[in-house]
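Here the structure is laid out as structure tokens; the discussion comes afterwards.
The values are calculated or read from the model by the stated rules, or taken from the named source; none is laboratory data. Small disclaimer: the values here were computed from a predicted structure and weren't measured. Quick reminder, even Gly has a Cβ in these numbers, built from the backbone with ideal geometry, and neighbours come from all protein chains shown.
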Amino acid sequence: MQQKVLIIEDSASTISLLTKLVEMAQLKPVLATSLTAAKHIFIHSDPEDYLCAIVDYDLPDAPNGEAIDFAVKSYLPTIVTTARLDEDIRKAVLSRDVVDYIPKENAQIFDYLMRLIGRLEKNKTTGVLVINPKRNERSAMAALLRRHNFITYECATAAQAETLLDEHSHIKLVFVDSDIQDKPPTQFVAWLRKQYSKEDLAIIGIANDRNNLLSARFIKSGANDFVRKPYHLEEFLCRVNQNIELLENVETIRRTANTDYLTGLPNRRHFFYTVNKMQRNQPANQALALLDLDFFKAINDTHGHDAGDEVLKVVANRLAVMCADVIIARFGGEEFCLYLPDTTPHNAVSRLKDIRHNISEHPVKFGELTLNVTVSIGLTTRSDHNIQAMLTTADKLLYQAKHNGRNRVEHDATNLN
Ligand SMILES: Nc1nc2c(ncn2[C@@H]2O[C@H](COP(=O)(O)OP(=O)(O)OP(=O)(O)O)[C@@H](O)[C@H]2O)c(=O)[nH]1
């Protein structure tokens, strides 16, 4: 279900801007121009339907942030907007459990709001671990992170942290306080860094002002960043967001580099990376198949390149659905490669025959057209081969399949019992 954002705002120009931003984020704006109206709307709603509330500090019936209290009490992650921002208002806003505040100074600041809304959505699946022996400090930090929808974990020692990291792979950020007792903190950071790369886990060191040199020591030991205590809420949140966004950007680049743009399947590069890793376990049985569409050029020539693209996407999707347990890649053009670990020759042959059959029996629809598609398959089940040798063998068998009339599987399995 599309999540909603409650906007409590009385300025027409801000309402129009916020409504557009919320819609751009694929969310549904629900508008109230006063606190009374907001109460009326919200009484019939479930807080779970709302991602957050964007609340004006100064409303005609709530001039001193009373609407913020209403949103916070209603369990809505609350972002405050304000036309005036003096020190008293800043303090008044930050004394409440808000996500953040946005001064309505210029249009640029609304980019920040967009990012903030996007983060609230993404943070729901991101874990953050706070390691600090002082319960009050770590609970306060975890509560702050929860306001931003992070899944939080807390512990007092390095040993407990190791267990939590083992158990929860969605932990992407760790705060290591310099006061941990069971290990020297920088040594613990260095140990963590050996287990988790900078692209997989962000580490932020945290210490109080007296330890001037600690920031450098933390970072030299492998921390991504450092926060000095006592911290300003604004700086703390900026650092959290920056570090998390960096991890996400690396993940996006990684995914893009490993994925075929048209079909969404892994590409050749990723295929080799994954298969080489799996081969280290020396599987007893393995099979490799090359699958090539027949007379594909004719589809392009007769019906156009878009029709050809559609055929590639549909076949790729069918392969992905039929072979969820198999490593599949688009090797280029109209050729796909399948690696079947721990599969007996008998099963490999039978599965590839099923795939051939399925593709030939289910034509691809493209607009008004119905396109008959067949594939030729070369399959090797000689598991003593290395992957390069298996590819060469599968390629020869594929050539035979083409030569022997197409729409067939050629394989080298001898014992099919
Ligand atoms: N639409 C589309 N066509 C592609 C893509 N990549 C390669 N092709 C086309 O795929 C066709 C492959 O043609 P051929 O190598 O002659 O193979 P074929 O027509 O399938 O013939 P056989 O393999 O011998 O059965 C060429 O026309 C390429 O331009 C793509 O991403 N999209």
Could you list all residues from region 294-319 that are closer than 21 Å to residue 407 by Cβ, more than 7 Å from the ligand (Cβ to nearest atom) and surrounded by fewer than 19 Cβ atoms within 10 Å (Cβ to Cβ)? 301, 302, 303, 307, 313, 317, 318
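Of all residues in region 42-69 being surrounded by fewer than 20 Cβ atoms within 10 Å (Cβ to Cβ) and touching a Leu at 6+ places or on another chain (Cβ under 7 Å), which is farthest from residue 5 (Cα to Cα)? Walk me through how you get there before you give the answer.
Step one: list which residues in region 42-69 are surrounded by fewer than 20 Cβ atoms within 10 Å (Cβ to Cβ), which gives 43-49, 58, 60-61, 63-64, 66, 69.
Remaining after also requiring touching a Leu at 6+ places or on another chain (Cβ under 7 Å): 47, 61, 66.
Numbers: 47: 10, 61: 21, 66: 18 Å.
That would be 61.
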Within the group 132, 136, which residue is over 22 Å from the mean Cα position of the chain (by Cα) and loosely packed, with under 14 Cβ neighbours inside 10 Å? 136
Report yes if some residue within region 338-348 is modelled with pLDDT of 95 or more, within 16 Å of the ligand (Cβ to nearest atom) and closer than 21 Å to residue 374 by Cα; otherwise report no. no
Taking region 280-298 as the region of interest, how many residues are assigned to a helix (DSSP H, G or I) and touching a residue at least 24 places away in the same chain (Cβ under 8 Å)? 1
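Which of the following residues is at pLDDT 95 or above and more than 34 Å from the chain's Cα centre (by Cα): 409, 311, 315, 364? Write out each step before concluding.
On the way: 311 fails: more than 34 Å from the chain's Cα centre (by Cα); 315 fails: more than 34 Å from the chain's Cα centre (by Cα); 364 fails: more than 34 Å from the chain's Cα centre (by Cα).
Every option except 409 fails the conditions.
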Is it fair to say residue 121 is assigned to a helix (DSSP H, G or I), among the acidic types (Asp, Glu) and under 19 Å from the mean Cα position of the chain (by Cα)? yes
Among residues of region 302-328, those that are within 22 Å of residue 352 (Cα to Cα) and either free of Cβ contacts under 8 Å to residues at least 40 places away in the same chain or touching a Cys at 6+ places or on another chain (Cβ under 6 Å) (or both), counted: 6
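For residues that are buried (at least 20 other Cβ atoms within 10 Å of the Cβ), of a type in the set (A, V, I, L, M, F, W, C) and more than 16 Å from residue 389 (Cβ to Cβ), scanning just region 272-293, find the one that is farthest from the ligand (Cβ to nearest atom). Walk me through how you get there before you give the answer.
Initial filter on region 272-293 (buried (at least 20 other Cβ atoms within 10 Å of the Cβ)): 286-293.
With of a type in the set (A, V, I, L, M, F, W, C) added as a condition, the list becomes 287-291, 293.
This time we only want the ones that are more than 16 Å from residue 389 (Cβ to Cβ), so: 291, 293.
Numbers: 291: 11, 293: 5 Å.
That would be 291.
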Cross-chain or 6+ apart pairs with Cβ under 6 Å, region 207-231 first and more than 20 Å from residue 191 (Cα to Cα), then assigned to a loop (DSSP other than H, G, I, E, B): 228/209
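From 407, 358, 372, grab the single residue that is away from the ligand (no atom under 14 Å from the Cβ) and assigned by TED's automatic domain parsing to the domain that holds residue 287. Reasoning before the result, please.
Details: 407 fails: away from the ligand (no atom under 14 Å from the Cβ); 372 fails: away from the ligand (no atom under 14 Å from the Cβ).
Just one listed residue meets the conditions, 358.
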What number of residues within region 129-139 are part of a helix (DSSP H, G or I) and either at pLDDT below 95 or of a type in the set (Lys, Arg) (or both)? 2
Give me the pairs: first residue in region 85-97 and surrounded by 10 or more Cβ atoms within 10 Å (Cβ to Cβ), second residue of a type in the set (Lys, Arg), beta-carbon distance under 8 Å, and six or more apart or on different chains, which are they? 97/147
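Just to check your reading of the model, which residue among 202, 156, 190 is assigned by TED's automatic domain parsing to the domain that holds residue 253, at pLDDT 95 or above and more than 17 Å from residue 219 (Cβ to Cβ)? Spell out the reasoning first.
Details: 202 fails: more than 17 Å from residue 219 (Cβ to Cβ); 190 fails: more than 17 Å from residue 219 (Cβ to Cβ).
Exactly one of 202, 156, 190 is assigned by TED's automatic domain parsing to the domain that holds residue 253, at pLDDT 95 or above and more than 17 Å from residue 219 (Cβ to Cβ), namely 156.
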Looking at region 385-395, is at least one residue of a type outside the set (D, E, K, R), at pLDDT 95 or above and touching a His at 6+ places or on another chain (Cβ under 8 Å)? yes
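Of the residues 6, 51, 85, 76, which single one is part of a loop (DSSP other than H, G, I, E, B), within 19 Å of residue 147 (Cα to Cα) and not polar (S, T, N, Q)?
Details: 6 fails: part of a loop (DSSP other than H, G, I, E, B); 51 fails: part of a loop (DSSP other than H, G, I, E, B); 85 fails: within 19 Å of residue 147 (Cα to Cα).
Being part of a loop (DSSP other than H, G, I, E, B), within 19 Å of residue 147 (Cα to Cα) and not polar (S, T, N, Q) holds for just one of 6, 51, 85, 76, which is 76.
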Of the residues in region 173-216, how many are touching a helix residue (DSSP H, G or I) at 6+ places or on another chain (Cβ under 9 Å), surrounded by fewer than 19 Cβ atoms within 10 Å (Cβ to Cβ) and among the charged types (D, E, K, R)? 6
Close pairs (7 angstrom Cβ cut-off, 6 or more residues apart or separate chains): without any contact (Cβ under 8 Å) to a residue 40 or more places away in the chain in region 123-146, of a type in the set (D, E, K, R) and surrounded by 13 or more Cβ atoms within 10 Å (Cβ to Cβ) anywhere: 138/154; 139/154; 142/154
What is the number of the single condition among (1) out of contact with any Lys or Arg (no Cβ under 7 Å at 6 or more places or on another chain); (2) within 16 Å of the ligand (Cβ to nearest atom) that residue 381 does not meet? (2)
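Residues are listed down the side, and each one gets a yes or a no for (1) in contact (Cβ under 8 Å) with a residue 60 or more places away in the chain; (2) in contact with a His (Cβ under 9 Å, 6 or more places away or on another chain); (3) part of a helix (DSSP H, G or I); (4) of a type in the set (S, T, N, Q):
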{"site": "163", "(1), (2), (3), (4)": "no, no, yes, yes"}
{"site": "166", "(1), (2), (3), (4)": "no, no, yes, no"}
{"site": "169", "(1), (2), (3), (4)": "no, no, no, yes"}
{"site": "180", "(1), (2), (3), (4)": "no, no, no, no"}
{"site": "190", "(1), (2), (3), (4)": "no, no, yes, no"}
